[in-house]
1. Any residue in region 30-53 that is among the aliphatic types (A, V, I, L, M) sitting within a Cβ distance under 9 Å of a residue that is open to solvent by 90 Å² or more (accessible area, probe 1.4 Å) and not in a helix (DSSP H, G or I)? List the pairs, counting only those 6 or more apart or interchain.
2. Considering only region 44-62, how many residues are assigned to a helix (DSSP H, G or I) and either modelled with pLDDT of 95 or more or among the aliphatic types (A, V, I, L, M) (or both)?
3. Suppose we keep only residues that are open to solvent by 90 Å² or more (accessible area, probe 1.4 Å) and of a type in the set (D, E, K, R) within region 3-32. Which one would you say is modelled with the lowest pLDDT?
4. Residues of region 33-50 being among the aliphatic types (A, V, I, L, M) and surrounded by 13 or more Cβ atoms within 10 Å (Cβ to Cβ), which ones?
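The values are calculated or read from the model by the stated rules, or taken from the named source; none is laboratory data. Since the structure is predicted, the reported quantities are computational estimates derived from the model, not experimental observations. Cβ sites come from the backbone with ideal geometry, for glycine too, and all protein chains shown count toward neighbours. Areas reflect the complete protein model, heavy atoms only, side chains present, ligands, DNA and RNA absent. Shrake-Rupley method; radii C 1.70, N 1.55, O 1.52, S 1.80 Å.
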Amino acid sequence: MFVSKLLQLESADLSVLKATLPFVSDKELKELIKTSVKNSEARINGLRQFISDNDVMVAGGVQ
């Protein structure tokens, strides 16, 4: 299903962003990554809320 794939992609993106953060020394780039982490978390929460509100079944257990 499309929604579950979006959730998987967002989760993977968030993992990469969080893993990259400790290795970034440039202050501006670090702030940009932190903003991207917050935005990604917001999108994931929005998708989870949509899934919950609409009783959508998610394949792969990523909820």
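1. ILE51/MET57; ILE51/GLN63
2. 5
3. It comes out as LYS5.
4. Selection gives ILE33, VAL37, ILE44, LEU47.
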